Ligand code: S5P
């Protein structure tokens, strides 16, 4: 049964978070809902994969603190690549501290707020975390930046369930102009938000450290708008071929659901 979710057109016109229509139009024009989790430890590898698959992804997610040679300048290089190939950059920092601390971290040494369109945020410390990130941004940049709240996790035994997840949804409702959506495992929250789903692989069921995987089609059936795929791609013999397969299968499933 196909659920009756509002069409993309509603979110294109009614979103308070201005990065939502921007991302949806990228997804539509490039026919992709794939976010590559580029968890490489060298910046060169990230640059290389951007050139190889930039046309097939709507977002590139990094963990800047695993890149051995990372710097604020490299962040700006990543931003340039994202503009060339038209995708959004996500820094998966999972900010989790009190407002004042995350404010310093966001604009701090690696200038994440200068180059990441989107950052990930935990709700554990309450709504002050999101507020702190917002206050780090100059007024004119507010419309160009957004956060994803971690509402649920893909890992075995995650504590982000039930009332905790509900609390995260409430934080989102307080900042609809700044929260783009959720990192989640279900179609949680209001349909004005986008659901980004990790834990996707074409061949494995999990890893040895608690990660749990599903297929792209299953992720969309569970409620994903954007599919976050990492090692399935970056550890493949032919990453470009796997990106193309994930793009094709993920977008076909998403389009069919009419999210
Ligand atoms: O619940 C989560 C949330 C995130 S952001 N589960 C996750 O796996 N992630 C991230 O997605 C994780 O930090 C990693 O960067 C990526 C999944 O990588 P993969 O190699 O397992 O696909």
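Readers should treat all values here as calculations from the given coordinates under stated rules, not as data from a laboratory. This one's a predicted model, so the numbers in the text were calculated from it and none came from an experiment. Positions of Cβ are generated from backbone atoms using ideal geometry, with glycine treated the same way; all protein chains shown enter the neighbour counts.
So which of 232, 246 ends up being near the ligand (Cβ under 10 Å from one of its atoms) and assigned to a helix (DSSP H, G or I)?
Working: 246 fails: near the ligand (Cβ under 10 Å from one of its atoms).
One residue alone meets the criteria, 232.
Write out, first by first residue and then by second, each pair whose Cβ atoms fall under 7 Å of each other, whose residues are 6+ apart or on separate chains, and whose first residue, in the stretch 106-117, is touching a residue at least 12 places away in the same chain (Cβ under 8 Å) and at positive phi while the second is assigned to a helix (DSSP H, G or I) and surrounded by fewer than 16 Cβ atoms within 10 Å (Cβ to Cβ).
From residues that are touching a residue at least 12 places away in the same chain (Cβ under 8 Å) and at positive phi, the pairs are 111/72.
Using beta carbons and a limit of 6 Å, which pairs, at least six apart or on different chains, have the first residue in the stretch 151-163 and without any contact (Cβ under 8 Å) to a residue 40 or more places away in the chain and the second one more than 12 Å from the ligand (Cβ to nearest atom) and assigned to a loop (DSSP other than H, G, I, E, B)?
Going by the 6 Å Cβ cut-off, the qualifying pairs are 151/188.
Being touching a residue at least 12 places away in the same chain (Cβ under 8 Å) and surrounded by fewer than 20 Cβ atoms within 10 Å (Cβ to Cβ) is the filter here, so list the residues in the stretch 243-254 that pass it.
As a first pass, look at the stretch 243-254 and keep what is touching a residue at least 12 places away in the same chain (Cβ under 8 Å): 243-247, 249-251, 253-254.
Of everything in the stretch 243-254, those that are touching a residue at least 12 places away in the same chain (Cβ under 8 Å) and surrounded by fewer than 20 Cβ atoms within 10 Å (Cβ to Cβ) turn out to be 244, 245, 249.
Looking at the stretch 92-104 only, could you name the residues that are buried (at least 20 other Cβ atoms within 10 Å of the Cβ) and touching a strand residue (DSSP E or B) at 6+ places or on another chain (Cβ under 8 Å)?
Once the filter is applied, which keeps residues that are buried (at least 20 other Cβ atoms within 10 Å of the Cβ) and touching a strand residue (DSSP E or B) at 6+ places or on another chain (Cβ under 8 Å), the stretch 92-104 yields 92, 93, 95, 102.
Condition check: touching a residue at least 12 places away in the same chain (Cβ under 8 Å) and surrounded by fewer than 20 Cβ atoms within 10 Å (Cβ to Cβ). Does residue 139 satisfy that?
Working: touching a residue at least 12 places away in the same chain (Cβ under 8 Å): no; surrounded by fewer than 20 Cβ atoms within 10 Å (Cβ to Cβ): yes.
No.
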